[in-house]
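Report on the following structure.
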Amino acid sequence: MSLTADTGTSSPFHLVGKLLDPASRADPYPIYAEFRALGPVWIEEIAGAVVTGYRDCETLLRDPRMSADRAERFGSDPYPPDAPSSIRQPWFLSMDAPDHTRLRRLVSGAFTARVVSRMEESVARLVEESFDRAGEGETFDVVSGLAGPLPVTVICRLLGVPQADERLFLRWSAQLTRLLDGFADPAGDDPEWAAGMLEMHRYVNDLVADRRRSTRGDDLISELLAARDGGDVLSHDELVSTIVLLLVAGHETTVNLIANGVLALLRHPAHLAALRADPVLAPAVVEEVLRHDPPVQLTARVATQDLRLGTAEVPAGGGVILLLAAAHRDPEANPDPDRFDPGRAQVRHLGFGFGPHFCLGAPLARLEGRLALAAFARRMRRPELVADPPPYREHINLRGVSELVVGHAGVARG
């Protein structure tokens with residue numbers, strides 16, 4: 001949706017305006033607290049309800065009356081007539097049952113915990129190489145030096161993309177993140193994403209066609225080509241669309257998970273010291289980052305029938321915005337929610353969604369986050385933030401810094 005900030009205070013819409021204000025990027029959480037105090041609220045100006053309570057968000061993510069199909073918001077088709085047909089194949093992220101169920105069943109075998117565990121050694125090696133390069137300077141940008149290239153390199157190696165082409169995927173991912181930003185208007189005044197989408201689909205179409213002709217190996221494309229559910233298989237367009245989704249949805253979110261995690265550790269040196277002393281704590285740090293400062297701040301659904309959310313009346317076809325980052329700081333779900341504490345007895349978050357659309361890439365993101373944060377704690381000697389707060393990206397939904405420059409007293413050997 002495309003919105004103009006409202007600076008007035010006559011309705012809950014003024015909170016939307018505050019959220020849209022670039023000055024709020026460094027810390028949107030007080031705004032989320034104001035939203036949470038309202039309970040579920042219908043905002044006529046955006047033709048949608050905003051939901052912030054943890055229990056409400058968790059329930060709605062598995063409510064069959066909530067549709068994930070939001071294709072109508074993309075407006076007219078921006079692609080030329082000769083564009084690959086796969087570009088018009090919907091992502092299964094935006095599908096409902098039974099289509100979503102079918103595609104998820106076919107794809108899920110490629111992302112089991114067993115499959116991801118086989119990747120640990122290669123991901124760890126990539127992380128260590130990043131810190132080897134960090135030792136060449138007096139400062140280290142965590143985004144460009146580690147968090148940015150790591151996820152795209154991992155997914156490209158998974159797909160069997162030639163190493164020389166990995167830089168293309170990094171550029172395409174940056175262009176396509178607007179498609180996942182909850183308040184962006186991807187069909188509006190920024191056509192860059194459409195050009196990136198077209199280039200990427202053409203490349204992946206060729207990559208899949210080449211893999212069909214060659215001897216299949218142990219890469220992800222080969223596994224998806226071989227995926228079977230009874231007699232059902234992925235069509236060519238479904239396969240290409242799925243590969244594009246894996247990169248776009250999996251890259252930027254993992255970038256922000258790692259960068260947000262490093263930022264949290266630098267702001268809480270006691271937890272950084274604890275992780276340095278005991279790398280086994282890394283999984284708990286990852287989960288607390290996903291709760292406290294999640295890479296994905298919100299998600300949206302469309303009501304398929306009239307329904308009531310608290311005092312909000314939502315008509316059929318109305319939007320429902322689930323402010324996940326606000327729900328994570330609901331004190332009924334997580335006591336003392338504004339405190340960053342990886343030692344919590346229980347961490348409740350919806351950082352990977354919930355219900356039928358739970359993120360298939362969660363095991364891979366957790367692996368990359370765990371290895372990156374543990375290595376940062378172990379290898380960086382006396383790291384200090386150069387700027388706090390650091391500069392943030394324009395996105396509201398995909399929350400992350402544009403750079404995270406760290407001064408240090410050297411880099412320990414791997």
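Nothing in this text is a laboratory measurement; each read-out follows from the coordinates by a stated rule. The shown structure was predicted, so the numbers you read here are calculated from the model rather than taken from an experiment. In this analysis, Cβ positions are derived from the backbone assuming ideal geometry, glycine residues included, and neighbour counts consider all displayed protein chains.
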- request: Neighbouring Cβ atoms within 10 Å as the yardstick, rank Leu307, Leu322, Leu19 fewest first.
  value: Leu307, Leu19, Leu322
message: Rounded to the nearest 5, what % of DSSP beta bridges with both residues in region 13-407 are antiparallel?
response: 80 percent
query: With point charges of +1 on the Cβ of Lys and Arg and -1 on the Cβ of Asp and Glu, referenced to the Cα centre of region 13-407, which listed residue (Gln297, Leu176, Met119) lies farthest in the positive direction of the dipole?
result: Met119
query: Tell me, what is the percent relative contact order of region 13-407, built from C-alpha pairs under 8 Å that lie six or more residues apart?
result: 29 percent
message: For Thr304, Thr153, which order do you get if you count the other beta carbons within 10 Å of each Cβ and list the fewest first?
response: Thr304, Thr153
field: the chain - mean residue ellipticity at 222 nm from DSSP helices (-39,500 (n - 2.57) per run, n ≥ 4, rounded to 500)
entry: -13500 deg cm²/dmol
statement: Cβ-Cβ cut-off under 11 Å around Thr112, Lys and Arg +1, Asp and Glu -1: the net charge is +1
- prompt: Ala387: net charge of surrounding residues, Cβ under 13 Å, Lys/Arg +1, Asp/Glu -1, itself excluded?
  reply: -3
statement: Taking alpha-carbon centroids only, region 360-396 lies from region 281-298 a number of Å equal to 10 Å
query: How do Arg291, Arg212 rank when sorted from fewest to most other Cβ atoms within 10 Å of their own Cβ?
result: Arg212, Arg291
- prompt: With θ set to phi - 60° and the Karplus curve 6.51 cos²θ - 1.76 cosθ + 1.60, what are the ³J(HN,Hα) couplings of region 384-394 in order, to the nearest whole Hz, using x for Gly and Pro?
  reply: 9, 5, 7, 9, 9, x, x, x, 9, 6, 6
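Order of 45-52, 379-386 by packing, highest average Cβ count within 10 Å first?
Taking the mean over residues of other Cβ atoms within 10 Å, the ranking is 45-52, 379-386.
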message: Counting other C-beta atoms within 10 Å, and keeping those with at most 15, which DSSP coil GluC sites (Glu not before Pro) do you find in region 259-336?
response: Glu332
